[in-house]
Amino acid sequence: MTGTESEVPDGAGAFDDTPASRPERLAALRDAARAAGFEMSCDERTGSLLATLAAAQPGGRILELGTGVGEGTAWLLDGMDVKAHLITVELDHAVQDVARRELGADPRVSFVAEDGGVWLETYDGPPFDLVFADTWPGKFTHLDRALDLVAPGGTYLIDDLAPRPDWPESHRAAVDDLLRTVEGLDGFRTTRLDWSSGLLIAVRSTA
Ligand SMILES: C[S@@+](CC[C@H](N)C(=O)[O-])C[C@H]1O[C@@H](n2cnc3c(N)ncnc32)[C@H](O)[C@@H]1O
């Protein structure tokens, strides 16, 4: 690869990264989110990546911290095979009820309505092949516990990392600290993606 290969040539078109397909229930979830005034669902490009990462784990064990109304849940389920299983944890019952209503018939998902920190402190089951930590616990608190639950070869994914003008300085500092901490861990291979809402992917190495 040459030093200039990654540059976009003059006159080249923009690369369209709109997802090629979307989960069947996504439109209904978006309508429900709008009706409820819920604005924290994941960006659809992150959703598409979640589906792709879930598809890489046949029979995989998957954890989502922060269900919201279930958009991320829908993407994960869309990528999972029939033997994979997802646990998704949410503090706000009313918000999670939207996800339960739209996605609860799928036997591959278990909904937990509980504080994510309490859940992380008390869970004593097997580790996960993919952890999408999309709320405070597992990201800004209880980080060690969430990372402990990543199986060898498994992936820890966090989003909403790209600085925004409306962030208080304290949040910017917390994100910097989080990035430094995860990137400094022994036994994880990490990549930042300046894409979608700003992502960090960390994979627990097996060597
Ligand atoms: C960014 S949203 C989740 C979006 C969802 N993962 C998606 O991809 O569409 C964060 C969610 O975390 C929930 N939450 C906040 N504090 C929590 C806690 N301590 N434990 C569990 N969930 C929490 C909020 O109610 C909110 O629904």
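Quick look at the numbers
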quantity: Whichever residue in the stretch 57-81 is touching a strand residue (DSSP E or B) at 6+ places or on another chain (Cβ under 8 Å) and aliphatic (A, V, I, L, M) and, among such residues, is farthest from Asp97 (Cα to Cα); calculated: Met80
quantity: Where Gly117 falls short, out of the listed (1) within 18 Å of Thr181 (Cβ to Cβ); (2) buried (at least 23 other Cβ atoms within 10 Å of the Cβ); (3) small (Gly, Ala, Ser); calculated: (2)
quantity: Residue within the stretch 125-133 that is within 13 Å of the chain's Cα centre (by Cα) and of a type in the set (Gly, Ala, Ser) present; calculated: yes
quantity: Helices (runs of 4 or more DSSP H) within the stretch 43-129 that include 1 or more residues under 22 Å from Leu143 (Cβ atoms) and away from the ligand (no atom under 12 Å from the Cβ); calculated: 44-55, 116-122
quantity: Long-range neighbours under 6 Å by Cβ, at least six apart or interchain, first residue over 12 Å from Pro19 (Cβ atoms) and of a type in the set (Gly, Ala, Ser) within the stretch 38-53, second in a loop (DSSP other than H, G, I, E, B) and within 7 Å of the ligand (Cβ to nearest atom); calculated: Ser41/Gly68
quantity: Scan of the stretch 53-65 for residues that are out of contact with any helix residue (DSSP H, G or I) (no Cβ under 6 Å at 6 or more places or on another chain) and open to solvent by 10 Å² or more (accessible area, probe 1.4 Å), ordered by number; calculated: Leu53, Ala56, Gln57, Pro58, Gly59, Arg61
quantity: Any hit, the stretch 188-199, residues being in contact with an Asp or Glu (Cβ under 8 Å, 6 or more places away or on another chain), open to solvent by 50 Å² or more (accessible area, probe 1.4 Å) and either in a helix (DSSP H, G or I) or among the aromatic types (Phe, Trp, Tyr) (or both); calculated: yes
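The rows are residues; the columns are (1) buried (at least 17 other Cβ atoms within 10 Å of the Cβ); (2) in contact (Cβ under 8 Å) with a residue 12 or more places away in the chain.
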position: Asp10; (1), (2): no, no
position: Gly13; (1), (2): no, no
position: Asp81; (1), (2): no, yes
position: Leu91; (1), (2): yes, yes
position: Glu102; (1), (2): yes, yes
position: Arg108; (1), (2): no, yes
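The values are calculated or read from the model by the stated rules, or taken from the named source; none is laboratory data. Since we're looking at a predicted model, the values are computed, not measured. Heads up, the Cβs are rebuilt from the backbone with ideal geometry, glycines too, and the neighbour counts pull from every protein chain shown. Surface accessibility is based on the protein's heavy atoms, side chains included, excluding ligands, DNA and RNA. Shrake-Rupley method; radii C 1.70, N 1.55, O 1.52, S 1.80 Å.
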